[in-house]
1. Which residue out of Leu26, Leu70, Leu21, Leu14 is buried (at least 22 other Cβ atoms within 10 Å of the Cβ), of a type in the set (A, V, I, L, M) and closer than 15 Å to Leu152 by Cα?
2. Of the residues that make up region 231-253, is at least one within 28 Å of the chain's Cα centre (by Cα), farther than 20 Å from Ala192 by Cβ and surrounded by 15 or more Cβ atoms within 10 Å (Cβ to Cβ)?
3. When you look at Gly276, is it at positive phi and either under 30 Å from the mean Cα position of the chain (by Cα) or in the same structural domain as Val230 (by TED's automatic domain parsing) (or both), yes or no?
4. When you scan region 240-259, do you find a residue that is more than 18 Å from Val188 (Cβ to Cβ), assigned to a helix (DSSP H, G or I), in contact with a Gly (Cβ under 7 Å, 6 or more places away or on another chain) and modelled with pLDDT of 95 or more, even just one?
5. Yes or no: region 127-139 includes at least one residue that is in contact (Cβ under 8 Å) with a residue 60 or more places away in the chain, crowded, with 22+ Cβ neighbours inside 10 Å and not small (Gly, Ala, Ser).
6. Looking at Asp119, Asp146, Asp165, Asp173 in this structure, which one is under 28 Å from Ala28 (Cα atoms) and touching a helix residue (DSSP H, G or I) at 6+ places or on another chain (Cβ under 8 Å)?
7. Name the single residue, out of those in region 199-230 being in a helix (DSSP H, G or I) and of a type in the set (Asp, Glu), that is surrounded by the most Cβ atoms within 10 Å (Cβ to Cβ).
8. Which ones in region 170-198 are surrounded by 13 or more Cβ atoms within 10 Å (Cβ to Cβ), without any contact (Cβ under 8 Å) to a residue 24 or more places away in the chain and among the charged types (D, E, K, R)?
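The values are calculated or read from the model by the stated rules, or taken from the named source; none is laboratory data. Just so it is clear, the model here is predicted, and its values are computed rather than measured. Please note: Cβ atoms are built from the backbone with ideal geometry, for glycine as well, and neighbour counts cover all protein chains shown.
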Amino acid sequence: MTHVNSSPVTVLGLGSMGQALAGAFLDAGHPTTVWNRSADKGEQLVARGAVRAASAEEAVRAGDLVVVCLVDYDASDKVLTPLADALAGRVLINLSSDIPLRAREAAAWAKGHSLDYLDGAVMVPVGVVGTARALVFYAGERAVYDKCESALKALGEPATFLGEDHGLAAAYDMAMLDFFYGAMGGLVHAFALARAEGIDGAALAPYLNTIAGFLPAIVERTGTDVHSRVYEGSGANLAMMTASVDHILHTAKGRGLDTGQLVAIKAAADRAIAAGHGPDSWSSIVEVLDER
């Protein structure tokens, strides 16, 4: 993507993702200043025209838009706390990964210093940043987002604004990664079970892709069920599906495999059945997941 936009941008943090973000801004024509705590990163960016700042404050003062991308909010707090004065008059966007509570705390700090602040989350691998397939979430004051929307499209179009609660980007991030890592855990366990039964992983993979092909429709239906709290289970009810989980659990136990994830799944399903959701859809488990 190419954007004719000359607003100067600063990127703080040059891990793999930070470098991808800075590279996308450069590709879009933004004068880009970069800084990293250790000065041995970013040589390729400098070769492409980025300016390496000698300090974080120097980097901040060079940009109208300041993007920070560090390992977590402990790291970003250490960098940003001394820079409140330098950040005045600029838009600060934190794309570090952390929990919604930390995002809201960072927003409160920014508000206390009268700073324009957005929180965000990058939902794609580094190789996708800057392409039309890149999904990047932003949350905070709409007026602040509107100031920098054009520049943010350099990272991915559309630049997805979620709302004015600064914790929303992190909340979406956590929910999506919850699904991803749960699915990845199930995927690896499926291959382990297959291997224990003498099945080659390459032979199983095409059939697992058949199941993966069903997921978009399942995701859409589950979202509707959870929103409406109507769990119609005539096609495949929870009691029937939990019996299948029990069969998998016993197969895995018989082969000496770790069953932690399966035990947790079955325990949640059993609680939902005990609460009267046996005839309902699998989605009804959501009603017993809040343990407060």
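1. Details: Leu26 fails: buried (at least 22 other Cβ atoms within 10 Å of the Cβ); Leu70 fails: closer than 15 Å to Leu152 by Cα; Leu14 fails: closer than 15 Å to Leu152 by Cα.
Going through Leu26, Leu70, Leu21, Leu14 in turn, just one is buried (at least 22 other Cβ atoms within 10 Å of the Cβ), of a type in the set (A, V, I, L, M) and closer than 15 Å to Leu152 by Cα: Leu21.
2. Yes, because at least one residue in region 231-253 is within 28 Å of the chain's Cα centre (by Cα), farther than 20 Å from Ala192 by Cβ and surrounded by 15 or more Cβ atoms within 10 Å (Cβ to Cβ).
3. On the way: at positive phi: yes; either under 30 Å from the mean Cα position of the chain (by Cα) or in the same structural domain as Val230 (by TED's automatic domain parsing) (or both): yes.
It is true that Gly276 is at positive phi and either under 30 Å from the mean Cα position of the chain (by Cα) or in the same structural domain as Val230 (by TED's automatic domain parsing) (or both).
4. No, region 240-259 has no match at all.
5. Yes, because at least one residue in region 127-139 is in contact (Cβ under 8 Å) with a residue 60 or more places away in the chain, crowded, with 22+ Cβ neighbours inside 10 Å and not small (Gly, Ala, Ser).
6. On inspection, the qualifying residue turns out to be Asp119.
7. Asp225
8. Arg195
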